[in-house]
1. Under Stokes-Einstein, with the Kirkwood radius over Cα pairs standing in for Rh, what whole-number D in µm²/s applies to the chain at 37 °C and 0.692 mPa s?
2. So, by mean Cβ neighbours within 10 angstrom, what's the order for 83-93, 51-61 with the highest one leading?
3. Over 5 Å intervals from 0, what percent of Cα-Cα pairs in region 31-149 sits in each interval?
4. To one decimal place, what Kirkwood hydrodynamic radius in Å is obtained for region 173-231 from all pairs of distinct Cα atoms?
5. At q = 0.16, 0.18, 0.30 Å⁻¹, what is the base-10 log of I(q)/I(0) for region 142-200 according to the Debye formula with one equal point scatterer per Cα and no solvent? Please give it to two decimals.
6. What Kirkwood Rh does region 88-135 have if only Cα atoms enter the pairwise 1/r average? Answer in Å.
7. Longer than 24 Å from Cα to Cα, which of 66/136; 48/159; 159/207 are they? Say none if no pair is.
8. Once you keep just the Cα pairs under 8 angstrom separated by 6 or more residues, what percentage relative contact order results for the chain?
Amino acid sequence: MRAGGRDPIREAVRLLADRRNAVALTGAGISVESGIPSFRGSQGMWAKYDPMEYATLHAFMQSPRKVWEMLTEMVSVCGEAAPNAAHRALATLEETGVVRAVITQNVDGLHQAAGSRRVIEYHGNMEELVCVSCWKRYPTRERWTPGSVPLCDCGEILKPNVVLFGEPIPWLAQEQAEEEARTCGLLLVIGTSAQVSPACDIPRIAKESGAAVIEINPEPTPLTASVTDIHLRGSASEVLRALTFLMQL
Ligand code: OAD
């Protein structure tokens, strides 16, 4: 913890209260307590599915049915999940004018389900399917049933509208995320290993533009020793609940 020897959570509350125009960057860790596995680590998705075989655009174009084995699990798990206390705390912080936007790498839609209004989906979402041939889009619930491989009217296999490795970040999300990073007073970095580019550049952009960076994660990340001002070590729900409680005092 790098908060000049003070109680880091109280220091974080002070910074949030002073700066107010905070933005959150979230990753898979915030949804772990909703039952959605993260990607890295022994229990993560990439321990079960090699991302080079299951999560690249090239893999999808070569063997879409194989990639749908992993996608089926992701769509099902995301479809059954509900927001947890961390998602709800972020929505409360937006409601009370402390946080102005959430940039999320997650594709599960749980921030919106919890009530967050300004959510920038950096890696897309599971709500839609897109045809990689004719670009027609469909709501997932209309085209996909568990165990099936969804087809476009043109006959191609549909892809969820999520960013696979080798695909660019959606243009608008990239622009908006960078703008938020450049202009926020404080960035909350929650539940991301900060290993995937360009999302991992967002904290650096914020820092170089003068923002304070508060990281919420049970583990240190590559940001912790370089960019992070305060590392609040713990699960997203326990730390965010404590923060929102202390903000009200
Ligand atoms: P990772 O799986 O890489 O990292 C999850 C992070 O969450 C780790 O740093 C954990 O320590 C932390 N964590 C675990 N449980 C937590 C909890 N209860 N509360 C808070 N933090 C917790 O997930 P991401 O960083 O989101 O991209 O991964 C980034 C991208 O890599 C994903 O969006 C996905 C993946 O490949 C694509 O598929 C393009």
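No value in this document is a laboratory result; all are computed from the given coordinates. None of these values were measured; they are calculated from a predicted model. Glycine gets a Cβ as well: all are built from the backbone with ideal geometry, and neighbour counts include every protein chain shown.
1. Reported coefficient: 176 µm²/s.
2. 83-93, 51-61
3. Pairs per bin, as whole percents: 2, 10, 17, 22, 20, 14, 9, 4, 1, 0.
4. Mean inverse Cα-Cα distance, inverted, gives 11.2 Å.
5. Per q value, in the given order, log10 I(q)/I(0) is -0.75, -0.83, -1.32.
6. Computed over Cα pairs of region 88-135, the Kirkwood hydrodynamic radius comes out at 11.7 Å.
7. 159/207
8. For the chain, the relative contact order is 25 percent.
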